[in-house]
Amino acid sequence: MTTQTRTTERRGSISQASSEISLNRPRRQSKVVDTRPKHLTLGDFELTNVVDCEEYVLCCKYSPNGEVFAVGLGNGMIKVYSKKGEFQYVLTDADTKTRRYPVTWLRFYANKDDSKSDQNKMLAATYTAGYVKIWHWPTQQCVYTFQEQERQPLALDFNCNFQHLFVAGSDCAINCYDFQTKKLIRKLSASESRERMDGHKNRIHAIRSHPVMDTVFLTGGWDETIHYWDERAAQSQKHFAGPHLCGDALDIIADHQVILTGSWRKSSTLQIWDFTSGELIKDAFEKNATSMLYCTKFCPKEYILCAGNEKNEAIVYDYSILQMIGGITDLEHAVYCADNDPSSTKPNMIVGSGKNIFIVNDRSRIR
């Protein structure tokens, strides 16, 4: 989602607490303003902390072990916090200080088979200023910058073996990099044919690698199509139409062989598709969606996390019956991002709204 879209997007608002009149002093009014962020928790979920990030939160991501989470901000900074929300590091360099453009996407390097433990402390980020940065977050050092100044990189993902990095952007194309050599392997995009739909025709806002197929990944964006790519081919292999993606709202679960999409619109927001055929399996909110979605993902495979605006919320659903189990709603600002803690068997989550990160945990004894 572009900076302009985020800026002009209508955000929900909740009025400040009204003035209270002291009964003991009827001629004097004592104005008490509640400055705490407004919210309503649902189900057995509990708000455990609110982190003030000081700038607008555009993306957030837990580390693979759930010990820390990173937050990408509108001024080009990345902040890293402990699991409980304690500030740890800030990631910034001369580029980000000079061009204070938004961070649009975050992914931690998480190769369990990599013997270089230090490499598992890497974090990849896209910036609308026209570059992708790889950070060693414990030392706050940028170890490499991929220059993409001819476009705005908007989303990225590692393939399942973490050897390649796929970067999608405003030019409707995907750059495939070798993560070890930092060389561009191939640029994937639609052909010039008007008869074939073999790539995107508008900005790409979501990308997701297949969990076990190391050359396969999916993309989606503003042109309301989901494309299947194999990095060995220049054009997409097939596609299906429907979802309108504006953020991290595309996921795959290999166990069920399904695709999950979240659309930024007033109907048919959460949809589940068959991975092999691309056929629609379930249109969960065809007519009664409560929010226009910026973020959708499995958390873990038994649950679905949906976050967006209108009601400014992050809600968790049971995947098998698509019934809400809880979450947080009625926040003061739109929810542009959310993520679940991968170290937990419960759908504990972080939720980005305005300049805050809300840490919301599932306190149910059943799950």
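FYI, it's all coordinate maths here, none of it is from the lab. None of these values were measured; they are calculated from a predicted model. Here the Cβ is made from the backbone with ideal geometry for all residues, glycine too, and neighbour counts use every protein chain on show.
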ask   = With the chain treated as a Gaussian network of Cα nodes joined by springs under 10 Å, which of L331, L280, L188 yields the largest mean-square fluctuation?
value = L280
task = Rounding to the nearest 20 debye, state how big the charge dipole of the range 38-362 is about its Cα centre with +1 on each Lys and Arg Cβ and -1 on each Asp and Glu Cβ.
result = 700 debye
inquiry  = Under 18 Å between alpha carbons, and skipping anything fewer than 8 positions from K301 in its own chain: which lysines qualify?
reply    = K61, K282, K346
request  = Could you rank the peptides 86-92, 64-70 by their average count of other C-beta atoms within 10 Å per residue, with the highest value first?
outcome  = 64-70, 86-92
message = For the range 202-270, what are Rg and Dmax over the alpha carbons, in angstrom?
response = 11.7, 37
ask   = Using alpha-carbon pairs under 8 Å, 6+ residues apart, how would you state the relative contact order of the chain in percent?
value = 16 percent
For the range 38-362, with +1 on Lys and Arg beta carbons and -1 on Asp and Glu, the positive-most of L40, N309, H205 along the dipole = H205
query = Quick one, what does Rg over Rh come out to for the range 139-289 if you take C-alpha atoms and the Kirkwood Rh?
reply = 0.98
note = Rg/Rh of the range 109-196 (Cα atoms, Kirkwood Rh), to two decimals, equals 1.02
request  = Among V103, V258, rank each residue by its count of other Cβ atoms within 10 Å, from fewest to most, as a rough exposure measure.
outcome  = V258, V103
remark   = Expected vector for the range 190-198, Karplus 3J(HN,Hα) from phi with 6.51, -1.76, 1.60 and θ = phi - 60°, integer Hz, x for Gly and Pro, equals 5, 6, 7, 5, 8, 8, 10, 9, 10
task = Just the number, please: Stokes-Einstein D of the range 313-367 in µm²/s, Kirkwood Rh from C-alpha pairs, 37 °C, 0.692 mPa s.
result = 276 µm²/s
note = Ranked on Cβ counts within 10 Å of their own Cβ, fewest leading, M213, M292 go M213, M292
task = Select from S263, V360, F275 the residue farthest towards the positive end of the dipole of the chain; place +1 on Cβ of Lys and Arg, -1 on Cβ of Asp and Glu, and compute about the Cα centre.
result = V360
inquiry  = Neighbour counts of other C-beta atoms within 10 Å: give me S209, S63, S353 arranged from fewest to most.
reply    = S63, S209, S353
query = lysines within cross-link reach of K311: Cα-Cα under 20 Å, excluding same-chain residues under 8 positions apart?
reply = K38, K266, K287, K297, K355
message = Rounded to two decimal places and with Rh computed the Kirkwood way over Cα pairs, what is Rg over Rh for the chain?
response = 0.99
